Every structure is written in structure tokens, then in C-alpha cells.
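Structure, as C-alpha cells:
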Amino acid sequence: MAQQPDLRHVDVRYVAALARLALTDAEVAQFQGELDAILGYVAQLGELDLDGVEPMTQAMPRCDVMRDDVVEPSLDRAAVLANAPAVVNESYLRVPAVLEEASGR
């Protein structure tokens, strides 16, 4: 098993810089205390004897919720285009833009 890094203390300013967050001194003080508490708890978990415990990815067994892949009839193209608010070249639906163009490009 790989050597685990020492995570008893991680500087909040370092994490904020990675996330590109600007924090006030008050926020740094608050979040540093919260992060230290979280890392302390993680350190306690690291002290547990886990011999004989199988690794797992989920706490509960996962049941497959996927349905069978069955070919079914599609919607009628003419009916879809007839109900569309806007059509281009009698072939495509025109939908409202949801993303803005980036400025400065």
C-alpha cells in the first residue's frame, strides 16, 4: 500500500488558491478551524483496524436500475417539426441560446 501523506494540517490559503477563491482574513480563520477539525476526524478514521474488511465503493448494495435496450419507434419527424416554435431549413429545431458568448474573444 502506498505511503499516505500527512494531512493533519493543510493551509486553507493554499486550498483557496487552488480553487481560485479570494478569502478574507476572517474567512481564513473560520475555514482553517473547520478544515483542521475535518482532517482530525479523518486521522481518527485512519487509526481504525480494518483487517478483514473488504474494500467497497458504496455502503449499500447497488441494484441495476437500467431497463433493457429495446428498439422502439421514434417520433414522427413531420409532427415534431410542426409543433416546434421555430424551424430552420425545414429540418432542424431552433432552440433559444442558453450560453452567452465569452467576452474579450
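Nothing in this text is a laboratory measurement; each read-out follows from the coordinates by a stated rule. All figures in this text were calculated on a predicted structure; none of them were measured in a lab. Virtual Cβ from ideal backbone geometry, glycine too; neighbours counted across all protein chains shown.
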Counting just the Cα atoms, what span does the stretch 55-94 cover along each of its three principal axes? Round to the nearest Å and put the largest first. 56, 21, 13
Please say if the chain is rounded, prolate or oblate, where rounded means a/c under 1.5 for a ≥ b ≥ c the square roots of the C-alpha gyration tensor eigenvalues, and otherwise the choice is prolate for a/b larger than b/c and oblate otherwise? oblate
So what's the angle, to the nearest 10 degrees on a 0 to 90 scale, between helix 25-46 and the longest Cα principal axis of the chain? 80
Select from ALA82, ALA17, ALA29 the residue whose mean-square fluctuation is largest in a Gaussian network model of the chain (Cα-Cα springs shorter than 10 Å). ALA82
From Cα pairs below 8 angstrom and at least 6 apart in sequence, can you work out the relative contact order of the stretch 3-105, rounded to a whole percent? 16
By average Cβ neighbour count within 10 Å, what is the ranking of 91-98, 30-37 from highest down? 30-37, 91-98
Residue by residue through the stretch 10-17, what is 3J(HN,Hα) from phi via Karplus (6.51 cos²θ - 1.76 cosθ + 1.60, θ = phi - 60°)? Round to whole Hz and write x for glycine and proline. 10, 6, 4, 5, 5, 5, 4, 5
With -39,500 (n - 2.57) per DSSP H segment of 4 or more residues and division by the full residue count of the chain, the 222 nm estimate, nearest 500 deg cm²/dmol, is -10500 deg cm²/dmol
How would you order 39-50, 54-65 from highest to lowest mean count of nearby Cβ atoms within 10 Å? 39-50, 54-65
